[in-house]
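*Asks:* Before I ask anything, let me first share the structure, which is written out below as structure tokens.
Please treat every number below as a calculation from the coordinates, not as lab data. These numbers come from a predicted model, not from an experiment. Counting neighbours? That spans all protein chains shown, and the Cβs are built from the backbone with ideal geometry, glycine included.
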């Protein structure tokens, strides 16, 4: 999912509508706060998960973690050094959270990918990347079969981190430090429904402690068939 490919994607009325619909929902939701930054729809919600929920998810990540992978034609060594796992969306400890994220954004749960757990030990990172798909890459035909383009991303920090591990959006000027229960949500598309390069972001290296997060991506069409 590196961002140097030539063809990122064309504008889309469907994705444009998704941006407007979710923003309207979040703007009317107590606790959801929009960051006043031109060119990007970006929200945060404190204490979306409580301590017990975070602890259970962290234990699941520890039990199932494996080296993180990349969806990219040319993968650079050391580009993503964290560990990840797929969360069982039907687990009684996961399903309420998974569906709660969809409800928060007002998106049909069928459009949501499997939630991913991620763990960053000291020194681990994820270099600057984007969540949307390049329509010029070889993987795009396969992505079209399972819901098409990614629209919104929701990410939740499961713990505080002693030092480091911030999520940095260099082109948008956003840097967020991990805080237990904090949810971030952003639209990967521009106002016209085309991919938004302002959403390029980096999981900065953890200096001290371990960072745990869960991430959920939504597609323009149904991901679950």
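*Asks:* How high is the relative contact order of the chain, in percent, with contacts defined as C-alpha pairs under 8 Å that are six or more residues apart?
*Replies:* Numbers: 530 pairs, mean separation 70.5, N = 225.
Answer for the chain is 31 percent.
*Asks:* Just check segment 106-152 against the gyration tensor rule for me: Cα atoms, a ≥ b ≥ c as the square roots of the eigenvalues, rounded for a/c under 1.5, and otherwise prolate or oblate depending on whether a/b exceeds b/c.
*Replies:* oblate
*Asks:* Still on this structure, please answer the following. So what is the calculated 222 nm ellipticity per residue for the chain, using -39500 (n - 2.57) for each DSSP H run with n of 4 or more, over all residues, to the nearest 500 deg cm²/dmol? Numbers along the way, then the final one.
*Replies:* On the way: 4 runs with 45 residues, N = 225.
After summing the helix terms and dividing by residue count, I get -6000 deg cm²/dmol.
*Asks:* Per 0.36 nm of contour for each residue apart, how much would the distance between residue 108 and residue 192 grow if the chain were fully extended, relative to their Cα-Cα spacing? If you can, show how the numbers build up before the last one.
*Replies:* Numbers: separation 84, 0.36 × 84 = 30.24 nm, distance 2.12 nm.
Between residue 108 and residue 192, full extension yields 28.1 nm more.
*Asks:* Still on this structure, please answer the following. State the label only: which of (i) 114; (ii) 247; (iii) 125 corresponds to volume of the Cα convex hull per residue in Å³ computed from the shown model?
*Replies:* This structure yields the entry labelled (i).
*Asks:* Still on this structure, please answer the following. For residue 222 and residue 91, what does the FRET efficiency come to when R0 = 25 Å and r is the distance between their Cβ atoms, rounded to the nearest 0.05?
*Replies:* It comes out at approximately 0.75.
*Asks:* Where the centroid of each part is defined by its Cα atoms, how far is segment 13-78 from segment 162-201 in Å?
*Replies:* Centre-to-centre (Cα) distance: 9 Å.
*Asks:* Ranking request for peptides 65-72, 48-55, 111-118, 214-221: highest mean number of other beta-carbon atoms within 10 Å first, then the rest in descending order.
*Replies:* Packing order, densest peptide first, comes out as 214-221, 111-118, 48-55, 65-72.
*Asks:* Same structure again: State the extension gain, in nm to one decimal, for the chain segment bounded by residue 177 and residue 140, taking 0.36 nm per residue of separation less the distance between their alpha-carbons.
*Replies:* 10.1 nm
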